[in-house]
Structures are given as structure tokens and as C-alpha cells.
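Since the structure comes first, as C-alpha cells, the remarks are kept for the end.
The values are calculated or read from the model by the stated rules, or taken from the named source; none is laboratory data. Note that the structure is a prediction, hence the values are computed from the model and not measured. Cβ atoms come from the backbone with ideal geometry, glycine included; neighbour counts cover every protein chain shown. Heavy atoms of the whole protein, side chains included, go into the accessibility calculation; ligands, DNA and RNA do not. Shrake-Rupley method; radii C 1.70, N 1.55, O 1.52, S 1.80 Å.
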Amino acid sequence: MNALLPLTFDLVLSLLILLLAANIYVIYRRQYLVWFLVVLFLTPFLFLYSFFEMMYLSDISPYFVVPYPFILIFVEVAIIIAQKNLLASLKTEKGAEYKLLLREDVALIRAFEKIANHFIRRMSPFVGIKNVEQILEECIEQYPILSGCYIGSDERLKVQMMEELIGEQKEVNMNELCTAFSYLLTKLIDSYSALVPYNEIVEELSHEIGKIDKRVIAYFIPFILFKMVLEPFIRELRGDELKKLRMSIDIAGVHVNRKGGLEYHTIYAYDETAMEEKFITFLIRLLAFSGRDREIKGKVMEFFRKLPQNVKEEMYRRELIKKLPPGILDEEKMVLSSKEKLIEELIDRKQKLEEAYARLADAKLNKMKSEFIDIIAHELKTPLTTIKTYTDLLRKEKLGPLNEVQREKLERMEKNIKRLTKLIDDMLQIPSIDAKELELRKELFPAQEVIDAIVEEVEEIAREKKQAFTVEIDGDAIIFGDKNLIEKAIKNIVVNAVKYTPEKGAITLTAKREGDFIRISVADTGRGIRSEDAEKIFEPFYSLESGAGLGLSIAKNIVESHGGKIWVESTVGKGSQFHILLRGEK
């Protein structure tokens with residue numbers, strides 16, 4: 001009995017695979033799939049035979065084991081044939097077969113073909129296949145795009161030739177396809193409705209449409225709205241009532257025929273919104289015409305609620321439910337409205353969570369950056385001190401006399417060591433300044449003092465570039481903070497202004513009181529900064545040109561540690577203006 005468990009499991013699994021393959025064949029119907037189906041059919045048969053052979057047949061005769069090798073040989077041959085057909089199909093026109101299977105227009109044709117064949121299969125035994133062929137010929141005459149369709153020897157509609165013709169075209173008018181096939185379906189339904197009640201036709205349609213590929217279900221919405229939602233009620237009208245309806249409801253693209261059938265196929269000439277509006281208009285006029293609005297609303301809701309799930313999903317997606325007149329699917333409207341509010345709340349919460357996560361990630365990243373920079377800077381400073389010591393010894397000839405070339409090289413080394421030392425000192429200032437230490441160093445000092453010192457340092461470079469340097473400082477511009485740090489922050493901005501302003505440009509440095517704050521501004525006539533770079537320039541190591549990109553980052557760190565604010569206003573090609581806002585009193 002222990003052997004039965006794996007056999008049973010394998011049998012069930014093979015049957016599921018067989019059903020899946022059969023469903024694929026129903027959609028694509030290709031020759032290689034037939035051979036794969038044969039192989040997959042023999043697999044569960046082999047498991048069943050194994051069960052009976054093990055339980056019963058082996059006791060009767062040992063020769064019942066003989067079919068195994070023959071079945072396996074047949075399976076191998078079938079697989080080889082299937083693979084050969086598949087490869088031949090894929091090689092044709094560089095994979096045209098594969099591309100054809102993926103095309104939306106082909107999927108649409110096959111969906112219409114499947115529904116049409118459902119009616120042909122049901123009605124041909126009663127009306128004869130000749131009548132079906134006449135209907136198809138009439139439709140082809142009206143819409144030549146159907147000329148690739150024919151009734152095969154198995155009395156089914158064939159569309160392979162049409163697929164091949166369409167496969168040669170890069171673009172196909174989907175609305176033209178829908179118009180033609182909708183006309184064919186209308187004719188088939190009219191003939192079939194003479195044999196069975198229309199409500200049964202709607203149930204059959206609902207079952208068939210529920211199997212349609214989701215890629216093309218949107219093209220069937222007009223067919224569903226008119227043929228499955230409205231037409232069942234209209235077909236119940238008789239005599240004068242139907243005649244009055246035909247005369248009173250006049251909407252372009254929709255026509256009520258003498259049997260009460262709706263011919264809607266020309267509606268595909270309009271866009272999606274216009275088609276929906278025509279349906280709503282037709283429904284409103286139908287309610288006003290009959291005087292039986294409660295009855296109609298009840299039937300419309302009944303038919304709507306019986307629609308397959310794939311259709312309902314598409315209607316919810318298009319928000320068609322919300323456009324229906326009051327009294328029709330009001331519960332669904334409330335659910336949809338509540339769902340939308342819930343989605344809005346979820347989106348809002350998601351955005352807030354993303355923002356919170358981004359802030360947390362930035363904070364964590366900034367902390368990691370600061371710790372990393374601090375470690376690297378300290379690790380660099382130790383060997384650099386040793387290099388500087390030996391360089392000084394060599395330059396002072398403590399280790400022996402130097403020639404001119406050696407002295408020149410050592411001077412260049414000394415300059416680079418100073419640059420590297422300054423860079424390391426700047427790196428050490430990037431981490432946040434300790435608030436307690438900063439409070440001990442804060443004092444009141446005039447802005448004039450630090451600005452004069454800065455101008456004195458950069459004035460010579462500005463003079464070499466023939467730059468006009470203007471300074472405007474209010475006498476009551478008194479700053480409360482760490483004098484050395486604030487001087488460094490302002491100096492970094494002024495140095496950048498001199499650096500990026502071309503020759504004969506202008507730089508203006510102002511310091512003015514604004515209430516309890518002092519605004520220090522540095523304006524230049526340089527090339528300006530793009531808006532997308534305006535925030536990034538304050539990040540460590542972000543540089544628009546060559547350089548470490550630490551000056552503005554350090555300035556920002558210093559200003560913000562004083563509870564101030566720093567920002568830039570810039571126009572590309574005209575220049576930039578940096579602003580620093582600092583407290584002017586305790």
C-alpha cells in the first residue's frame with residue numbers, strides 16, 4: 001500500500017498538467033501542441049496501468065509488463081515530432097509564429113472566433129451549416145476585413161488565414177475588427193434567438209466571455225452592455241411598444257431591429273468615453289420611455305450582477321458603475337466610493353511612510369558618512385604628520401645638502417602637504433559640532449570684524465582677477481555665536497564667489513539686521529547654478545568643478561549648528577546669491 005501513495009500523487013499531478021496543456025491548446029490550437037497533449041495523456045494512463053498491473057495483472061501473467069517499453073517508445077517519438085514541429089514553427093520568418101501568439105489583435109480575433117463557434121455549434125444542427133455560411137458571406141460582403149474567415153469541414157469558423165494576413169501588417173485597426181466581428185455575432189445571435197429564449201443566450205454568453213483573455217476584455221464592453229444588459233429587456237417588448245421604442249430612441253451607432261435586437265456594431269467608430277455616454281443616454285431614454293423604470297432598473301441590476309468577474313473588474317477600472325443613473329447599482333457605487341477613499345488613505349499613508357523611511361535612511365547614512373569621514377581623516381593625519389616632519393628636515397638640509405632641483409621639488413611637496421592638511425582639517429569639521437562645546441564658545445561680536453578679516457584675505461586674489469568687490473554692513477549687525485566658526489563659514493562662501501566669478505566680474509557682500517536675525521548675503525556675477533544642483537551643492541564631496549566639495553558642506557554644518565539657515569538663489573548665466581541667517585542676540 002506504501003507504493004500507492006506516490007502513484008496517486010503522480011497521477012493527480014499529471015492530470016493537472018494535462019488539463020493545463022489542454023487549456024493552452026484551446027487558446028492557440030497549434031499542431032505541435034497536439035503531440036504534446038498525446039504525450040501528456042499517455043502519462044496518467046501509464047500511472048493507471050501501473051496500478052492495475054501491480055495490483056491485479058501481474059498475478060495473472062508476467063507478460064502484462066510488456067506494454068511499458070512500447071508506450072515509452074511511442075512517448076519519445078511523439079515528443080520528437082512535437083519538438084520538430086515547434087522548431088519549424090519558430091524558425092518560420094524568424095519567429096513570426098511566436099510573435100503572432102503575442103499580438104493583441106490576434107488574441108481579439110480568437111476571442112471573437114471562440115464565441116462565434118459557440119453559437120455555430122449550437123445552431124447548425126437545427127438551421128444547417130449552409131445558413132451559417134450564408135450569414136458569414138453576408139458579413140464578409142459588408143465588412144471585407146473578414147474575408148480571411150471561412151467555415152471548415154468540421155463546421156466551425158476558421159480564422160487562421162485572417163491571422164496570417166493580419167500578421168503581415170504592422171498595425172491593425174482594432175475598432176475595425178470589433179465592428180466586423182460584432183456584426184457577425186449580432187447576426188448569429190439573431191438566428192439563434194429563434195431557437196432558444198434570449199435569457200439562456202445571455203447565460204451562455206456570460207460563461208463564454210468569462211474565459212476571454214484579459215488583454216482584450218475591454219473591446220467586449222460595448223457588446224456586453226448592449227447585448228447582455230439592455231437587449232434582454234427590449235426583446236420582451238411586443239407589438240406597438242417595440243415599434244414606439246424603435247421610433248423614439250435615436251442614437252448614432254445604436255439601432256433597435258424589428259425583433260428587439262440591438263445592432264450596436266458601428267458604435268466602435270467612437271472613442272471609449274463616447275461609447276459609454278451613448279450607453280448611458282440609451283439607458284436613460286429607455287427608462288423615460290417605458291414608464292416602467294423600477295422594473296427596468298431591477299432587470300438591469302440583475303444582469304449586471306450576473307456578469308463574469310473579468311467584465312466586472314474592467315467596469316470598475318473604467319468607473320462605469322459611477323456613471324449609471326440613480327437607483328441602479330447604488331450599493332456597488334457606495335462600495336466603490338468607500339474603496340476609493342480607502343485607497344487614497346493607503347496612498348497617503350504609504351507616502352508618509354516612504355518620507356519617514358527616507359528621512360531615517362538619510363539620517364542613518366549621514367551618521368555613517370560622518371563616522372567614516374572622521375575615521376579616515378584621523379587615519380590620514382598620522383602618516384601625513386610624519387611626512388611633513390621629514391620634509392621639513394630635508395628642506396632645512398638637516399639630513400644633508402640639497403641641489404636646486406631637490407629644493408624645488410621639496411617646496412612643491414610642502415605646498416601639497418599644506419593642501420592635504422587643510423583638506424583633512426575640513427573633513428574633520430563635517431561631523432556635527434558638539435552643542436555643549438559650542439555654547440561655551442559663543443559670544444556677541446560685530447559682523448564687521450569677521451567680514452573685514454575675510455575681505456583682507458581674498459582681496460588680493462580678487463584684484464588679480466580685476467573683480468569689483470563691494471561690502472555693505474549695517475552698524476548694528478551684531479552676531480551671537482562662535483566667532484572663528486562663523487568666520488570660516490562666511491569665508492568658504494566668499495572664496496567660492498571669487499573662484500567661480502570670471503575676470504572683471506562683481507562680488508557684493510552685505511550684512512543687515514532683520515528683526516532678531518542677521519542676514520549675510522554674498523552675491524556674484526558668475527555662471528550661476530542649475531536648480532537641480534542648488535540643494536546638492538551643500539552635500540559633502542559634491543562639486544560642480546574640480547575640488548573636494550567640502551567648503552559649502554562645512555558652512556552649512558556651522559550655520560545649522562548655530563540654529564541658523566543657509567540657502568542659495570541662482571540664475572544660470574547671471575550669477576548666484578548665497579544667504580546666511582544667524583541669530584543677532586542671546
Would you please put 214-222, 191-199 in order of how densely packed they are, using the mean number of other Cβ atoms within 10 angstrom per residue and starting with the highest? 214-222, 191-199
Chain lengthening between TYR270 and GLN142 when straightened (0.36 nm per residue, less Cα-Cα): 44.2 nm
Three-way shape label, segment 214-272, alpha-carbon gyration tensor, a/c 1.5: oblate
Sum of side-chain charges, GLU138 neighbourhood, beta-carbon under 15 Å (Lys, Arg +1; Asp, Glu -1): -3
Out of the GluC sites (Glu not before Pro) in segment 229-321, which ones are loop residues according to DSSP with at most 15 other C-beta atoms within 10 Å? GLU236, GLU319
Sequence order, segment 209-222: Karplus ³J(HN,Hα) from phi using 6.51 cos²θ - 1.76 cosθ + 1.60, θ = phi - 60°, Hz rounded, Gly and Pro as x, gives 5, x, 9, 5, 4, 4, 4, 10, 4, 4, 6, 8, 4, x
Skipping prolines and chain starts, which residues have an amide H placed within reach, meaning under 5 Å, of the one on TYR143, given they are 5 or more residues away or on another chain? none
Residue by residue, what Karplus-based ³J(HN,Hα) values in Hz, rounded to whole numbers, does segment 117-131 have, using 6.51, -1.76 and 1.60 with θ = phi - 60° and x for Gly and Pro? 5, 4, 6, 4, 4, 6, 9, 4, x, 9, 9, x, 5, 4, 5
Give the accessible area for PHE41 in Å² (nearest 10); use a 1.4 Å probe, count only protein heavy atoms, and leave out ligands, DNA and RNA. 120
Around VAL572 (Cβ within 14 Å, Cβ-to-Cβ, excluding VAL572; K/R +1, D/E -1) the net charge comes to -1
How far, in nm, would the chain grow between ARG122 and GLN448 when pulled straight, counting 0.36 nm per residue and subtracting the alpha carbon separation? 107.5 nm
Residues with amide H under 5 Å from that of PHE517, placed H, sequence gap 5 or more: GLY584
Phi to ³J(HN,Hα) by Karplus 6.51 cos²θ - 1.76 cosθ + 1.60 over segment 226-234, Hz, x for Gly, Pro: 8, 7, 10, 9, 8, 4, x, 6, 5
Cβ-Cβ cut-off under 12 Å around THR510, Lys and Arg +1, Asp and Glu -1: the net charge is 0
By how many nm would the segment from ASP392 to HIS255 grow when fully extended, if each residue of separation counts as 0.36 nm and the alpha-carbon distance is taken off? 39.2 nm
